[in-house]
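No value in this document is a laboratory result; all are computed from the given coordinates. Since the structure is predicted, the reported quantities are computational estimates derived from the model, not experimental observations. For neighbour counting, all protein chains shown are included, and Cβ atoms are generated from backbone atoms with ideal geometry for every residue, glycine included.
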Amino acid sequence: MTVIRTIRKVWRSRPTIEGAGVHLKRAFGNQEAPVLDPFLLLDDFRSEDPSKYLPGFPWHPHRGIETITYVLQGDVEHGDSMGNRGDITPGDVQWMTAGSGIRSCLPSISKARSGSPGTDFWRSGGRAASGCPRWRP
């Protein structure tokens, strides 16, 4: 049986600067989160100008959330304060469950080529995500 749904709301992404000066487009974030629970944030770090995404994201806290990073082009380094590290390359998806007190770092998107390096999606993991961190390549 086919169910036809209507679109309730359309949001346009807005330019945002995060981390150490990364220019990105935020499809939704804090303002929309109450309506989209458990989804918290959707960012697109696409740019034709590498200076807009090369600065990366210095250490920042995560508590009870899951981050899903999808890389279309280039290389993105990702690490956490527990010593987990990984390189996310074209076509890769990294799913990280951040426990309480865990800090994350994307020191650079240094090897990314022009075009569309990738997207970052955050969702609330609830109580289960506030325990031990997990990385899934």
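Taking amide H atoms as placed 1.01 Å from N in the peptide plane, the amide H of R46 lies under 5 Å from those of K25, G118, each 5 or more residues away in sequence or on another chain.
Loop-located chymotrypsin sites (Phe, Trp or Tyr not before Pro) in segment 7-43 (DSSP state not H, G, I, E or B) with no more than 16 neighbouring Cβ atoms inside 10 Å: W11.
3J(HN,Hα) along segment 71-86, derived from phi through the Karplus expression 6.51 cos²θ - 1.76 cosθ + 1.60 where θ = phi - 60°, amounts to 10, 8, 9, x, 9, 10, 7, 9, x, 9, 6, 8, x, 6, 9, x Hz, with x in place of Gly and Pro. For segment 1-71, the list of GluC sites (Glu not before Pro) that fall in a loop by DSSP and count at most 10 other C-beta atoms within 10 angstrom reads E48. Proximity of backbone amide H atoms, modeled 1.01 Å from N, is registered between L41 and W122 at under 5 Å, excluding neighbours fewer than 5 places apart on the same chain.
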